[in-house]
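Here the structure is laid out as structure tokens; the discussion comes afterwards.
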Amino acid sequence: MPTGDRNHDKVRIEEDALGEVEVPADHLWGAQTERSHRNFPIGVERYRWDRPVIRALGILKKCAALANVELGQLPSDKVDLIVNAAQDVIDGNLDREFPLVVFQTGSGTQTNMNANEVIANRAIQIAGGQIGSKKPIHPNDDVNHSQSSNDTFPTAMHIATVEQLDNLLIPAIRALRDTLDGKARAFADVVMVGRTHLQDATPLTLGQVISGWVAQLDQGLHGVCRTLPGVCALAIGGTAVGTGLNAHPRFGEVAARRIADETGKAFVSAPNKFAALSAHDAMVDVSAALRTLAGALMKIANDVRWYACGPRAGFAELRIPENEPGSSIMPGKINPTQCEALTMVAVQVFGNDHAVAFAGSQGNFQLNVYKPVILHNVLESIRLLAEAARSFNDRCAAEHLDDSLMLVTALNPHIGYEKAAQISLKAYRENLTLREAALRLGFVTAEQFDAWVRPEDMVHPLTSRG
């Protein structure tokens, strides 16, 4: 293999089945990782930037070693070294040692070997040996014992996905859901115009509108949580084609139990390893649930920005936060930026789901070889949805959704639309309550405002209110 311009003083020689390879001396990866690093200069998406995947690989290798010692497949002295090295991977101390891109071999074989080589060399380092010597720990014979890339990579896929769903996405969506639920209760009596076909329809309350958003998020959360049992089933123990060749008969079961203990998640051994290797329906199911959730968030964000459109020529029924200037040419313009960001995330998730669905359909015989791109897109969707939902909650919903100016419509029959609009605009521009704005303009007295602007009377036709 050509060495390019590599400085020979800064490399070491490692070997694999194809021969010798020059490897950077200041890194722990080995020959197979280096070959992949050179052979796939494709894209910028690298798992070294994706902490959940690296963590999952560390968890997998640690728990596989513990399963092997429990089953008498590896001696305890070797396992102790592997466990300590794998813990460094789990803790994030070796992230710079994972340089490979998403677009590599479709089984993730080189990423699996990347983990094996890094953990082996770190273990050798801990033992005081020579990095690259494969003594006392061999990347294949010891770190990868009882395993194949074909069952380890899908196992890492599921570990990373479950942890990101459970620890990142679900809490973020629940936080937004709870904020909106509080607003729905707070504004249960604030009446506004209903709209169907983008035209005026019968009235409803702002609380009722928001309750619909809450219900959508509840359904979206239910859909995501429904997928968890599928991705909690692990392929480990299937080895090359699902038969478990070269592994102890109980290896998959024990490794899955160890992974469950390590993560606190309900991981189990997949009942059918042939399906676990050759198809990734559980990941496709997760992606579909993420797409549905993205659709709900798209609806919410679009409704908010429509209700906030204006402030003079639009509805101006909700206020949006003044987070940043909205125009480089129009002074004072404020745009619904959090809504726009959330809708763009939804669009990206829709695209990711298409990629996952197609990749999931491409399992041939005993192996689906689209594993890295499936994992990349699912994790990107999870992260984007979680971050966007958290940002929308913190910078829009939690602070500003309670600034509705819709109560001003109760004044229309008494002072006319134009004066009511002036009150709303003054309240909006000067950050006043509607009552304060109405009194400062002198359009109504305090007694008149209190008598006419009564949310509880606004849920009936005008003739019923008298």
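Please determine, in degrees from 0 to 90 and to the nearest 10, the orientation of helix 206-231 with respect to the longest principal axis defined by the Cα atoms of the chain, where the helix direction is its Cα long axis. Its long axis makes an angle of about 10 degrees.
Residues Glu34, Glu387, Glu436 ordered from highest to lowest accessible area at a 1.4 Å probe: Glu387, Glu436, Glu34. Overall, the chain carries a charge dipole of about 560 debye about its Cα centre when +1 sits on the Cβ of Lys and Arg and -1 on the Cβ of Asp and Glu, all other atoms neutral.
Which of the three applies to the range 109-187, rounded, prolate or oblate, going by the alpha-carbon gyration tensor with a ≥ b ≥ c and a/c under 1.5 meaning rounded? It comes out prolate by the Cα gyration axes. Per the 1.4 Å probe, what fraction of the accessible area of the chain, in percent, lies on carbon and sulfur atoms? Within the chain, the accessible surface is 52 percent carbon and sulfur. If you line up the long axis of helix 149-164 against the longest principal axis of the chain, both from Cα atoms, how many degrees apart are they, to the nearest 10? For 149-164 against the chain, the angle is about 30 degrees.
Of Lys135, Lys183, the order by accessible heavy-atom surface (1.4 Å probe, DNA, RNA and ligands excluded), from most exposed downward, is Lys135, Lys183. Considering the chain, its Cα convex hull presents a mean projected area of 27.9 nm².
Lysine pair count for the chain with Cα-Cα distance under 26 Å and sequence separation of 8 or more or different chains is 24.
Each listed q (0.20, 0.21 Å⁻¹) maps to a log10 I(q)/I(0) for the range 300-342 from the Debye sum over equal C-alpha point scatterers, namely -0.59, -0.64. For the chain, the longest principal axis of the C-alpha atoms and the axis of helix 417-430 are separated by about 50°.
Name the shape class, rounded, prolate or oblate, that the alpha-carbon gyration tensor gives for the range 125-171, where a ≥ b ≥ c are the square roots of its eigenvalues, rounded holds for a/c under 1.5, and otherwise prolate holds if a/b is larger than b/c and oblate otherwise.
oblate
If you plug the beta carbon distance of Glu15 and Asp281 into 1/(1 + (r/R0)^6) with R0 = 45 Å, you get a FRET efficiency near 0.70.
Size of the range 297-395 from its Cα atoms: along the principal axes, largest to smallest, the extents are 62, 25, 21 Å. The C-alpha atoms of the range 188-275 occupy a region whose extents along the principal axes are 69, 27, 13 Å, arranged from largest to smallest. Measuring only protein heavy atoms, the 1.4 Å probe finds Asp80 accessible over about 90 Å².
Considering the range 10-76 at the alpha-carbon level, its Rg and Dmax are found to be 15.5, 43 Å. Using only the Cα atoms of the range 50-99, build the gyration tensor, take square roots of its eigenvalues as a ≥ b ≥ c, and label the shape rounded, prolate or oblate: rounded if a/c is under 1.5, else prolate if a/b is larger than b/c, else oblate. Because a/c hits 1.5 or more and a/b exceeds b/c, the range 50-99 counts as prolate.
The residues of the range 107-255 expose on average 38 square angstrom of accessible surface per residue, using a 1.4 Å probe on protein heavy atoms. The three principal axes of the Cα atoms in the range 1-150 give end-to-end lengths of 45, 30, 27 Å, sorted in falling order.
Using alpha carbons only, the radius of gyration of the range 49-132 set against its Kirkwood radius gives Rg/Rh = 0.98.
Estimated purely from DSSP H runs of n ≥ 4, each contributing -39500 (n - 2.57), the mean residue ellipticity at 222 nm for the chain is -17500 deg cm²/dmol once divided by its residues. Stokes-Einstein diffusion of the range 202-242 at 10 °C, 1.306 mPa s viscosity, Kirkwood radius from Cα pairs, rounded to a whole number: 118 µm²/s.
The values are calculated or read from the model by the stated rules, or taken from the named source; none is laboratory data. What you see is a predicted model; the values in this text were computed from it and never measured. Glycine gets a Cβ as well: all are built from the backbone with ideal geometry, and neighbour counts include every protein chain shown. Heavy atoms of the whole protein, side chains included, go into the accessibility calculation; ligands, DNA and RNA do not. Shrake-Rupley method; radii C 1.70, N 1.55, O 1.52, S 1.80 Å.
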